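Throughout, read-outs are computed from the coordinates displayed, never taken from laboratory work. Remember, it's a predicted structure, so these values are computed and weren't measured experimentally. We place every Cβ from the backbone using ideal geometry, glycine too, and count neighbours over all the protein chains shown.
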């Protein structure tokens, strides 16, 4: 990586400046820089560090964690420093990992050994399960999300249009001038790997072909509202709406594809709503297209879909770290593209990247809910290029 992400400063402060109190858990999608961030920390810290990756370890070797822990303890004993650090990458691949971590952590606590621990993982679903069941009260988490436009611009000199099309994967940035090669990298190294390793190998999925097809359809309809019942009509290996909803949640935890709920002050209505598909990274849409960046960007109607998806992805990635809730709103013929909710404040966003800047849904939304703000993102209001550089949390100030 060329730039230092904010999370590295947070991690460094917690490990070097604060007393040993919590296990630091770094989680997020594949290929966004979790391992690189940990390696950057290793290079910059003066503390002794033991780094180990579970990537090629048998899942049944739960004793492997204890071995790595002991190696870190040895470094602590041999060092003149008062603290040492253990970093374990891809922790979720070890069976019953949380029980092993709890045992070693509690042992160090009882013996007052100042070994600080960083765990890295890309399967949010399994990490959450282990953290809540075994490590409650013993951890803090840092979400490492997809790269924003500002980060891609600083690191790789991306233009706004390039970020909308090629998304926020730093590892693919060097390939964007060869779209065929870039497309293969996104498909093979990111999409297939995320689905096969982070979902299918670690979670029970009875119909993997159905889930993969749901992902493809969801990407093609990103930014659009589509009921599971209509999706079932496009699937050969059809399950039921409950199965599709479950698979969509799995895709969401892998940082691939989410389904936004319709905004309503009544929680029951939100949960029963038809989802609006939203990719976590627009590269996931572009990599599945036959048309090129140049062809799509020259078509205003098609390009508008990519712009809306890029804005949605930008906000969605901040919902993990900033505790923002993201919805859409539709009632009758009125619609608002995105609704943000934070600490009781509500903001409506309408995206108009083309020449038409009318947004009748905003007026209806304002009349019904009296939101904190309604914002038009478009040529005559806040330019979408500028919005991609904003921190969504700043909108509530």
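Give the Rg/Rh ratio for the range 181-237, taking Rg as the radius of gyration of the Cα atoms and Rh as the Kirkwood radius, to two decimals. Before the final figure, lay out the partial values.
Working: Rg = 12.7 Å, Rh = 12.6 Å.
Here the Rg-to-Rh quotient is 1.01.
Between residue 209 and residue 109, take the C-beta separation as r, use R0 = 51 Å, and let me know the FRET efficiency to the nearest 0.05.
0.65
Averaging sequence separations of C-alpha pairs under 8 Å and six or more residues apart, then dividing by the length of the chain, give the relative contact order as a whole percent. Working shown, then result.
Working: 624 pairs, mean separation 54.1, N = 397.
Once divided by the residue count of the chain, the mean separation gives 14 percent.
Using the alpha-carbon centroid of each, what span in Å lies between the range 94-115 and the range 281-311?
47 Å
How far is helix 241-253 tilted off the main Cα axis of the chain, in degrees rounded to 10, range 0 to 90?
60 degrees
Hey, quick one: spin label on residue 379, modelled 7 Å out along Cα-Cβ, who in the range 273-307 has an amide N within reach, i.e. under 18 Å?
Answer for this model: 296-307.
Quick one: angle between helix 208-220 and the longest Cα principal axis of the chain, in degrees between 0 and 90, rounded to 10, please.
Compared with the principal axis, the helix lies near 50 degrees.
By per-residue mean of other Cβ atoms within 10 Å, what is the highest-first order of 314-321, 39-46? It would help to have the intermediate numbers written out before the result.
On the way: 314-321: 20.2, 39-46: 14.1.
Highest mean packing first, the order is 314-321, 39-46.
Where does the range 7-58 land on Rg/Rh, using Cα atoms and the Kirkwood Rh? Don't skip to the answer; put the middle values down first.
Details: Rg = 12.0 Å, Rh = 12.4 Å.
That ratio equals 0.96.
I need the per residue convex hull volume for the chain, using only the alpha carbons, in cubic angstrom as a whole number. Mind showing how you got there, number by number?
Working: hull volume 59.9 nm³, N = 397.
Dividing the Cα hull volume of the chain by its residues yields 151 Å³.
Pulled fully out, how much extra length does the chain show between residue 45 and residue 6, if you take 0.36 nm times their separation in residues and subtract their Cα-Cα distance? Intermediate values should be presented prior to the final figure.
On the way: separation 39, 0.36 × 39 = 14.04 nm, distance 1.62 nm.
Gain on stretching residue 45 to residue 6: 12.4 nm.
Tell me the mean residue ellipticity at 222 nm calculated for the chain from its helices only (DSSP H runs of n ≥ 4, each -39500 (n - 2.57), averaged over every residue, nearest 500). Provide the component values of the computation, followed by the final result.
Details: 17 runs with 163 residues, N = 397.
Here the helix-only value at 222 nm equals -12000 deg cm²/dmol.
What is the P(r) of the range 96-249, as percent of Cα-Cα pairs per 5 Å bin from 0?
1, 7, 13, 13, 14, 15, 13, 11, 7, 4, 2, 0, 0
Quick one: Cα convex hull volume of the range 238-397, Å³ per residue? Can you show the working numbers first?
Working: hull volume 21.9 nm³, N = 160.
Dividing the Cα hull volume of the range 238-397 by its residue count gives 137 Å³.
Assuming 0.36 nm per residue, please report the length gained on full extension of the stretch residue 150 to residue 57 beyond their Cα-Cα distance.
Taking residue 150 through residue 57 to full extension adds about 29.8 nm, to one decimal.
What are the semi-axes of the equivalent ellipsoid of the range 6-143, taken as the square roots of 5 times the eigenvalues of the Cα gyration tensor, listed largest first and rounded to whole Å?
Working: eigenvalues 82, 64, 41 Å².
So the equivalent ellipsoid measures 20, 18, 14 Å along its semi-axes.
Can you order the peptides 163-169, 331-337 by their average number of other Cβ atoms within 10 Å per residue, highest first? Could you put the intermediate results ahead of the total?
Numbers: 163-169: 26.3, 331-337: 15.9.
Those peptides, ordered most packed to least, come out 163-169, 331-337.
Figure the gain on full extension for residue 157 and residue 240 (residue separation times 0.36 nm, minus the Cα-Cα span) and round it to one decimal in nm.
On the way: separation 83, 0.36 × 83 = 29.88 nm, distance 4.49 nm.
25.4 nm is the gain from fully extending residue 157 to residue 240.
Between the range 374-397 and the range 317-339, how many Å separate their Cα centres?
Cα centres, the range 374-397 to the range 317-339: 14 Å.
Using only Cα atoms, tell me the angle between helix 360-369 and the longest principal axis of the chain; keep it within 0 to 90° and round to the nearest 10.
Here the helix axis deviates by roughly 60 degrees.
Counting just the Cα atoms, what span does the range 273-365 cover along each of its three principal axes? Round to the nearest Å and put the largest first.
Sorted largest first, the three principal extents are 42, 32, 22 Å.
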